[in-house]
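Asker: Handing you a structure now.
The values are calculated or read from the model by the stated rules, or taken from the named source; none is laboratory data. Note that the coordinates shown come from a computational prediction; the quantities given were computed from them, not determined experimentally. Note: ideal-geometry Cβ built from the backbone for every residue, glycine included; neighbour counts use all protein chains shown.
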Amino acid sequence: MAVLPIRTFADPVLRERCREVEDIGSDIEQLVRDLSDSLPQPGGAGLSANQIGVVKRVFVFEHDGEIKECINPRILSSSEETEEDLEGCLSLPGAAMPVPRHLSLELEYSDLSGEVHRVQAEGWIARVFQHEIDHLDGKLILERTDRESRVEALRILEGEIPPHGTRQGPARL
């Protein structure tokens with residue numbers, strides 16, 4: 001079991017676009033194990049490879065008590081309808097902010113056996129998928145929120161003000 005440190009907002013690896021996985025071998029199997037071991041439970045909904053310093057298009061997510069992997073995920077389609085809700089992030093400890101997301105989407109990804117899956121997702125799990133794909137694209141929720149929330153989050157992250165009030169979300173993505 002390898003619980004690895006989660007990179008935080010100042011780490012440049014979080015701004016890098018992750019590379020496609022060419023071959024699913026023992027290195028990717030180990031990466032998925034490391035991600036699964038490093039995903040805080042309870043409290044973590046998902047964890048992307050670059051959050052532990054690996055620039056590959058892989059993330060894990062928790063759904064119904066089970067942790068699953070997504071290798072080379074891509075959104076095939078998404079609803080026009082969006083909803084704004086509070087999101088936290090394991091790489092932005094103590095900060096949460098309103099982020100608009102598509103209400104539903106179709107996601108394609110591979111699992112460790114190389115099998116390609118297409119899933120329809122809506123609500124919370126669609127939000128998790130969008131959040132983790134943003135990570136793989138080198139984007140943080142700071143880029144998806146309004147200016148006022150971004151400024152407050154940066155002040156929290158820099159230790160100028162303590163985390164407080166409604167800006168703290170229950171789960172970190």
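Asker: Can you spot a residue in region 28-49 that is β-branched (Val, Ile, Thr), closer than 28 Å to Gly94 by Cβ and part of a helix (DSSP H, G or I)?
Answerer: Yes, region 28-49 contains at least one residue that is β-branched (Val, Ile, Thr), closer than 28 Å to Gly94 by Cβ and part of a helix (DSSP H, G or I).
Asker: Would a scan of region 55-69 turn up a residue that is modelled with pLDDT under 95, farther than 16 Å from Ile6 by Cβ, out of contact with any Asp or Glu (no Cβ under 8 Å at 6 or more places or on another chain) and charged (D, E, K, R)?
Answerer: Yes.
Asker: From the list Val21, Val13, Val60, which one is assigned to a helix (DSSP H, G or I), within 24 Å of Leu112 (Cβ to Cβ) and in contact (Cβ under 8 Å) with a residue 12 or more places away in the chain?
Answerer: After ruling out the rest, the residue left standing is Val13.
Asker: Another one. Strands (runs of 3 or more DSSP E) wholly in region 76-133 with at least 2 residues that are within 28 Å of Arg33 (Cα to Cα) - which ones?
Answerer: So the answer is 82-88, 104-110, 116-122.
Asker: Continuing with this model, one more query. Using the structure shown, decide if Ser104 is in contact with an Asp or Glu (Cβ under 7 Å, 6 or more places away or on another chain), of a type in the set (S, T, N, Q) and either surrounded by 21 or more Cβ atoms within 10 Å (Cβ to Cβ) or touching a residue at least 24 places away in the same chain (Cβ under 8 Å) (or both).
Answerer: So Ser104 passes the test.
Asker: Can you spot a residue in region 147-161 that is at pLDDT 95 or above, among the polar types (S, T, N, Q), surrounded by 12 or more Cβ atoms within 10 Å (Cβ to Cβ) and in contact with a strand residue (DSSP E or B) (Cβ under 6 Å, 6 or more places away or on another chain)?
Answerer: No, region 147-161 contains no residue that is at pLDDT 95 or above, among the polar types (S, T, N, Q), surrounded by 12 or more Cβ atoms within 10 Å (Cβ to Cβ) and in contact with a strand residue (DSSP E or B) (Cβ under 6 Å, 6 or more places away or on another chain).
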